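Read through the structure below, which is laid out as structure tokens, and then see the notes.
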Amino acid sequence: MDRRDSIKSMVLASLAGGLALQGCKPDVEAPAPVATKPAEGVKWRTAAENAGIEEIKEGEFLNEHERESLSVICDLILPKSDAFAGASDAEVVEFIEFTALDVPEMQNPLRGGLMWLDHESNSRFDAEFKKATADQQKEILDDIAFYDPNKPQSERSFQVNWFSLVRNLTMTGFYTSEIGIKEIGYKGNLPNVWDGVPQDVLDQHGVAYEEEWLAKCLDPTKAGDIAEWDENGNLIT
């Protein structure tokens, strides 16, 4: 399962658990289909998958105000520091918009939560959320950032579930980006050159490699080397 599929599964599960924000659900239609531009795409995906991804990239869900508000929220969730990058550095808002286009079921809840946030900020501070002070913004978010993990999601307020979704998307978007992966030092699986079945296992089963085959296929001196492949996927020996 790739990053796109895993996020889709996560979002659908959240929505099924009672995230639907019926109280502030705007009457908007799903984005109209857009033309797909010719592209070779990622080689391990099918042509249809690459075409679908390009179509999503061409689409647009958030308006400018929503994008700016969401950027503020994401940077409050994962702020930049002298030592670490922040949400905006990894283009997390773009990731969230891509996910919303890929999973239309999350569009109304996401938009409804942003509407609620502006309403709450205007009620408390007579200012849109993005124009409120940092302390005022944190005050609102602090009220919806915590919940009892033993309480079913369907029994939590829509604000709490909405912020939980945005927080999860922010962290997922960041730590699946190139910046985030480098920040945690993840290198993935690093295969080395196989040097054959261990001798004690061969002895246990009473078998052995043929010397001629062993000389051609195995080189124990390279056991610690990291395998490399050419651009065509052929192992470089």
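Every number in this text was worked out from the coordinates using simple rules, so none of it is lab data. Here the structure is a predicted model, which means the values were calculated and not measured. Every residue, glycine among them, receives a Cβ derived from its backbone with ideal geometry; neighbour counts consider all protein chains shown.
Provide the gained length on full extension for the span Q199 to N150, in nm with one decimal, where the gain is 0.36 nm per separating residue minus the Cα-Cα distance.
Answer, rounded to one decimal: 12.4 nm.
Full-extension gain between A208 and E228, please, as 0.36 nm times their residue separation minus the C-alpha to C-alpha distance.
So the chain would gain 4.4 nm between A208 and E228.
Would you mind calculating the gained length between F84 and I236 on full extension (0.36 nm times residue separation, minus the Cα-Cα distance), in nm to one decimal?
Here the segment from F84 to I236 would lengthen by 51.1 nm.
Provide the FRET efficiency to the nearest 0.05 for the K131-E183 pair, computing r from the beta carbons and using R0 = 30 Å. List each step's numbers first, then the result.
Working: r = 30 Å, r/R0 = 1.02.
Result of the calculation: an efficiency of 0.50.
Using the Karplus equation 6.51 cos²θ - 1.76 cosθ + 1.60 (θ = phi - 60°), what ³J(HN,Hα) coupling, rounded to whole Hz, does each residue of the range 58-65 give in order, writing x for Gly and Pro?
Whole-Hz 3J(HN,Hα) from phi for the range 58-65: 7, x, 8, 10, 6, 8, 4, 5.
Show me, for the range 67-76, the HN-Hα J-couplings you get by feeding each phi into the Karplus relation (A = 6.51, B = -1.76, C = 1.60, θ = phi - 60°), rounded to Hz, glycine and proline as x.
Ordered by residue, 3J(HN,Hα) equals 5, 5, 5, 5, 4, 4, 4, 4, 6, 6 Hz.
Take each of the peptides 129-142, 146-159, average the number of other beta-carbon atoms within 10 Å over its residues, and list them starting from the highest.
Put in order of decreasing packing, that is 129-142, 146-159.
Using the basic label-point model (7 angstrom from Cα toward the beta carbon), what is the A51 to S157 distance in nanometres?
Here the answer is 4.7 nm between the modelled labels.
HN-Hα J couplings of the range 137-142 from phi, Karplus 6.51/-1.76/1.60, θ = phi - 60°, integer Hz, Gly and Pro as x?
4, 5, 4, 5, 5, 4
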